[in-house]
Amino acid sequence: MTDTERQQWDVIVVGAGGAGLRAAIEARARGARTAVLCKSLFGKAHTVMAEGGIAAAMANANPHDTWQTHFRDTLRGGKFLNQWRMAELHAREAPERVWELETWGALFDRTPDGRISQRNFGGHEYPRLAHVGDRTGLELIRTLQQKIVSLQQEDFRTTGDHESGLRVFQECTVTRILKDGFGRVAGVFCYERESGRFFVLQAPAVILATGGIGKSFKVTSNSWEYTGDGHALALLAGAPLVNMEFVQFHPTGMVWPPSVKGILVTESVRGDGGVLRNSEGRRFMFDYVPEVFKEKYAQSEEEADRWYDDPDAGRRPPELLPRDEVARAINAEVKAGRGSPHGGVYLDVSTRMPAEVIRRRLPSMYHQFKELADVDITAEAMEVGPTCHYVMGGVSVDSETAATVGVPGLFAAGEVAGGMHGSNRLGGNSLSDLLVFGRRAGLHAAGYAAGAARSEPGEEAVAAARAEALAPFDGEASGAAAENPYTLHQELQQTMNDLVGIIRRESEMAEALERIARLRERARRLAVEGHRQFNPGWHLALDLRNMLLVGECVARAALARTESRGGHTREDRPRMERAWRSVNLLCRTVDEGGSGGGVRLERVRTEPVRADLLALFEREELAKYLSEEELDAAEAGLE
Ligand code: FAD
């Protein structure tokens with residue numbers, strides 16, 4: 001591809017994880033010529049790492065499961081801040097998306113009578129996660145890739161060109177959304193990682209499916225691709241982000257050895273019977289069941305253990321509380337001096353299941369610990385602690401169509417989109433989210449593109465994107481004043497980890513904002529050596545713009561939300577405040593279209609939950625979350 005070559009498409013999908021691939025399949029199936037771009041190799045997206053499964057109320061393992069129960073669990077998990085219509089669509093449509101995957105060739109684990117097996121996970125009332133051992137994401141991506149290849153073969157039969165209707169541009173990074181003179185999407189500006197060449201793909205519709213932001217934090221389960229690109233691309237194009245203060249710290253990441261700190265230990269370990277103990281051997285989660293969940297969780301070890309064999313004979317073990325609760329409990333135990341030698345707690349399956357069952361149900365975990373930590377999980381406990389895992393906040397989207405707010409032609413789906421999970425995501429609800437909203441984004445982007453006028457991105461915008469991408473080579477500074485991207489990245493990660501991490505304080509978040517402002521200033525003097533052919537230092541320099549913007553969004557929103565809820569825990573504001581339930585915080589850039597110098601916040605009211613959905617809950621439970629005003633309005637709606 002020549003320098004700044006241009007190509008025309010109908011729909012461009014940025015990202016080839018579960019959301020991007022499902023979106024691309026749908027857009028192509030609706031007749032849109034679709035281009036998919038991804039930063040890494042095709043098939044290497046973060047989704048591949050997903051372990052535990054896909055949540056869908058198929059009722060295979062427990063006949064009582066329904067979409068309504070799934071909806072309820074999702075809202076409880078998100079502490080009622082979820083965009084309720086997304087949670088409803090998600091719960092209703094997830095089973096169909098899983099069955100569809102099976103018809104496309106996915107090989108799920110089976111129940112003894114041959115149906116798709118479903119396993120327990122935190123916050124889900126019934127066993128709900130369809131899975132393939134602990135390698136579910138790999139099977140999901142393999143299946144979607146296979147579907148894409150089959151569509152390309154169909155296109156070859158009709159046009160003689162495999163890539164006429166659907167083409168994947170791998171190892172290509174998008175650095176800007178381009179718009180026309182009317183503020184509508186007109187395409188994307190990208191570079192090839194290997195050659196460093198620039199190119200422009202033009203299309204009236206762009207779907208962001210770029211995943212999360214974990215690489216802004218020091219300890220994370222996330223892969224190198226998670227630098228918040230889609231979040232920043234949306235912001236810079238003028239689309240706001242919603243509720244960025246909500247970052248999920250998964251309770252169980254590896255804590256040892258240091259080189260693998262943060263790597264995920266799947267929740268399936270607890271779903272399949274694993275228990276958490278402190279250095280005194282106490283199964284401490286019984287001490288941390290919060291008031292809102294008291295009725296739903298076991299009060300004793302005996303009751304909890306009965307539940308694994310017969311869910312009707314006892315309540316769920318507290319190890320299966322939503323992730324935010326378990327992460328905070330582990331943090332508190334370590335802080336109280338009851339942690340393991342390497343600063344975590346113990347997670348034990350070895351005394352709970354026979355070795356061959358552990359190796360069969362948790363093969364990746366068995367190998368992960370054996371190879372990385374020389375620990376045999378069939379014989380000894382793992383040491384685990386919280387790790388930055390998932391961002392609930394994201395691009396603000398319309399629940400039905402995945403269209404962003406205020407930028408015609410721009411859509412977002414998957415982890416990059418906000419709203420669906422409220423203040424805390426339940427395990428398994430991401431893979432189903434990718435499929436449900438990936439499909440919806442593809443459907444609506446194709447529909448939009450079919451009716452949209454074709455317009456060219458302005459020459460000035462293309463030239464500006466090119467200059468911005470080249471800036472690290474001819475930065476303002478040289479010699480001692482030059483800044484190294486690796487140093488800045490490290491400092492940002494440390495700042496986010498220490499000052500906007502799992503437990504937050506006002507003074508620390510304010511300090512984080514000051515440090516981020518200084519880092520942004522220093523980022524103007526970023527300088528990289530060498531040339532544009534595969535140059536990781538240059539790539540990181542470009543990613544830093546995104547991580548700094550996203551870091552500021554998280555810190556600013558976290559400072560503004562003066563309560564604790566879900567993934568946002570403040571030591572100085574420990575309670576969940578009902579008044580905050582009806583508030584969403586939107587982030588916008590101060591200088592829209594510029595290089596992202598700063599973020600401003602806007603408060604908007606959440607949409608009242610539809611009355612028939614509220615009727616799925618007991619009034620006493622609603623009273624824990626909703627304001628009097630909301631409760632009265634809900635009751636009036638039901639009369
Ligand atoms: P991804 O799969 O990350 O795809 C993002 C894509 O965007 C990639 O192709 C990337 O290259 C591309 N991209 C990014 N930036 C750019 C750019 N600037 N230009 C071009 N391309 C770009 N969830 C569950 O529901 N169940 C589980 O069992 C589960 N297990 C997990 C285990 C681990 C270890 C981790 C880390 C997460 C797990 N999750 C799980 C969460 C889930 O995997 C992710 O939330 C989900 O895969 C995100 O999918 P996505 O399609 O949004 O993004």
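Throughout, read-outs are computed from the coordinates displayed, never taken from laboratory work. All figures in this text were calculated on a predicted structure; none of them were measured in a lab. Because the Cβ atoms are built from the backbone with ideal geometry, glycine has one as well, and the counts that use them run over all protein chains shown.
Assessment of segment 170-180 against the conditions (among the polar types (S, T, N, Q), touching a Gly at 6+ places or on another chain (Cβ under 9 Å), surrounded by fewer than 21 Cβ atoms within 10 Å (Cβ to Cβ) and more than 19 Å from Leu236 (Cα to Cα)) yields at least one matching residue. In summary, helices (runs of 4 or more DSSP H) completely within segment 524-639 and bearing 1 or more residues that are more than 30 Å from Tyr191 (Cβ to Cβ), under 26 Å from the mean Cα position of the chain (by Cα) and in contact (Cβ under 8 Å) with a residue 12 or more places away in the chain occur at 536-560, 611-614, 619-625.
Restricting to segment 250-309, name every residue that is in contact (Cβ under 8 Å) with a residue 60 or more places away in the chain, surrounded by fewer than 22 Cβ atoms within 10 Å (Cβ to Cβ) and among the aliphatic types (A, V, I, L, M). Of everything in segment 250-309, those that are in contact (Cβ under 8 Å) with a residue 60 or more places away in the chain, surrounded by fewer than 22 Cβ atoms within 10 Å (Cβ to Cβ) and among the aliphatic types (A, V, I, L, M) turn out to be Val260, Ile263, Val292.
Does Glu51 satisfy the criteria of being in a loop (DSSP other than H, G, I, E, B) and either touching a residue at least 40 places away in the same chain (Cβ under 8 Å) or buried (at least 19 other Cβ atoms within 10 Å of the Cβ) (or both)? The answer is yes for Glu51. Inside segment 66-90, residues that are part of a loop (DSSP other than H, G, I, E, B) and surrounded by fewer than 22 Cβ atoms within 10 Å (Cβ to Cβ) make up a count of 1.
Please verify whether Ser455 is in contact (Cβ under 8 Å) with a residue 24 or more places away in the chain, polar (S, T, N, Q), within 25 Å of Leu241 (Cβ to Cβ) and in contact with an Asp or Glu (Cβ under 8 Å, 6 or more places away or on another chain), treating the condition exactly as stated.
So Ser455 fails the test.
Among the residues making up segment 105-129, those that are away from the ligand (no atom under 15 Å from the Cβ) and either free of Cβ contacts under 8 Å to residues at least 40 places away in the same chain or surrounded by fewer than 14 Cβ atoms within 10 Å (Cβ to Cβ) (or both) are Gly105, Leu107, Arg110, Thr111, Pro112, Asp113, Gly114. Contact map, segment 130-159: first residue within 11 Å of the ligand (Cβ to nearest atom), second residue in a loop (DSSP other than H, G, I, E, B) and among the polar types (S, T, N, Q), Cβ cut-off under 9 Å, separation 6 or more or different chains; pairs are Ala130/Asn60; Ala130/Ser117; His131/Ser117; Asp134/Thr266. The one condition from (1) in a helix (DSSP H, G or I); (2) buried (at least 24 other Cβ atoms within 10 Å of the Cβ) that Ile207 does not meet is (1). Residues being in a loop (DSSP other than H, G, I, E, B), among the hydroxyl-bearing types (Ser, Thr, Tyr) and closer than 27 Å to Glu563 by Cβ are entirely absent from segment 266-279.
Counting the residues of segment 319-351 that are in a loop (DSSP other than H, G, I, E, B) and within 24 Å of Leu426 (Cα to Cα) gives 4.
Pairs under 8 Å by beta carbon, first residue assigned to a helix (DSSP H, G or I) in segment 458-473, partner of a type in the set (S, T, N, Q) and surrounded by fewer than 17 Cβ atoms within 10 Å (Cβ to Cβ), six or more apart or different chains? These pairs meet every condition: Val462/Thr4; Arg466/Thr4; Glu468/Ser595. Exactly one residue out of Ala453, Ala446 is outside any strand (DSSP E or B), more than 11 Å from the ligand (Cβ to nearest atom), touching a strand residue (DSSP E or B) at 6+ places or on another chain (Cβ under 7 Å) and over 21 Å from Ser396 (Cβ atoms): that is Ala446. With Gly419, Gly451 as the choices, which residue is small (Gly, Ala, Ser) and buried (at least 24 other Cβ atoms within 10 Å of the Cβ)? Every option except Gly419 fails the conditions.
For segment 36-53, taking the residues that are within 6 Å of the ligand (Cβ to nearest atom) and aliphatic (A, V, I, L, M), the one that is nearest to Trp9 (Cα to Cα) is identified as Leu37.
Can you pull out every residue in segment 499-516 that is assigned to a helix (DSSP H, G or I) and touching a residue at least 40 places away in the same chain (Cβ under 8 Å)? Within segment 499-516, Leu499, Glu506, Met509, Ala510, Ala512, Leu513 meet the criteria.
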